[in-house]
Structures are given as structure tokens and as C-alpha cells.
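What follows is calculated from the coordinates using simple rules that are stated; it is not laboratory data. None of these values were measured; they are calculated from a predicted model. Neighbour counts are summed over all protein chains in view; Cβ atoms, including those assigned to glycine, are modelled from backbone coordinates with ideal geometry.
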Amino acid sequence: MENVKETIETIQPVTSYDPNKKYAWTPEDQFVMSGQEFGIVLNALRAVLNTQEAARILIASEANKAVEGILAKGVESGMVKEMEE
């Protein structure tokens, strides 16, 4: 009877997912997807990325990277100065 009592006391309560809460994990944690789940995610991403709006956003992102690079070179060369607030 003692073994049963010890076993019952060591059982952890099951945590359930609440979409209203925030969760954290480490970069080393791995999540496994089934083939069906993978297909859903892949097809959803393809559907979004194949729109004209996505194409504009991707081009804008590349333009932003270019401008940030130019600005970084300006800061590193001393031409661009940090503003005091």
C-alpha cells in the first residue's frame, strides 16, 4: 500500500493549453509536426507568399535592409551622428 501512495503523490497534474496565456521555450526545444500538419503550414505559407501584397512587402523588406546597411556604413564612417534626445 505504501508504494501506491508514493506513486500517487509523485504524479504531476496535467497542464492544459490556454491560448490566452503566453508561453516560452528555449531555442533547443523541438516541436514535431505530422505530415498533415506540415502540409497545412507549407500550403498556408505558399498561399500568403504568392500574393501581390506579399511580393510588395518582401521587396520593401529588401529595400529596408539596403537602407539600414547604408545607414550603418554612415555611422561607422562617422558621417552619421547619433542624435541626443
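If each DSSP helix of 4+ residues adds -39,500 (n - 2.57) and the sum is divided by the residues in the chain, what number results at 222 nm, nearest 500 deg cm²/dmol?
Numbers: 3 runs with 50 residues, N = 85.
Calculated from helices alone, the mean residue ellipticity at 222 nm is -19500 deg cm²/dmol.
Have a look at the stretch 33-77 and give its Rg and Dmax from the Cα atoms, expressed in angstrom.
Expressed in Å, the Cα Rg and Dmax of the stretch 33-77 come to 16.8, 52.
Work out which helices of the chain, taken as complete DSSP H runs, extend at least 18 Å along their axis over the Cα atoms and score a mean Kyte-Doolittle of -1.0 or more, then list them.
Going by DSSP H runs, the hits are 35-49, 52-77.
Test of understanding: what is the full-extension gain from Thr51 to Met83, defined as 0.36 nm times their sequence separation minus their Cα-Cα distance?
7.6 nm
Could you derive backbone 3J(HN,Hα) for the stretch 20-32 from the dihedral phi with the Karplus parameters 6.51, -1.76 and 1.60 (θ = phi - 60°), listing whole Hz in sequence and x where the residue is Gly or Pro?
8, 9, 9, 10, 9, 8, 8, x, 7, 5, 10, 10, 9
Taking the Cβ of each residue in Phe31, Phe38 as the centre, tally the other Cβ atoms inside 10 Å and list the residues starting with the fewest. Let's see the in-between values first.
Working: Phe31 6, Phe38 11.
Exposure proxy ranking, most exposed first: Phe31, Phe38.
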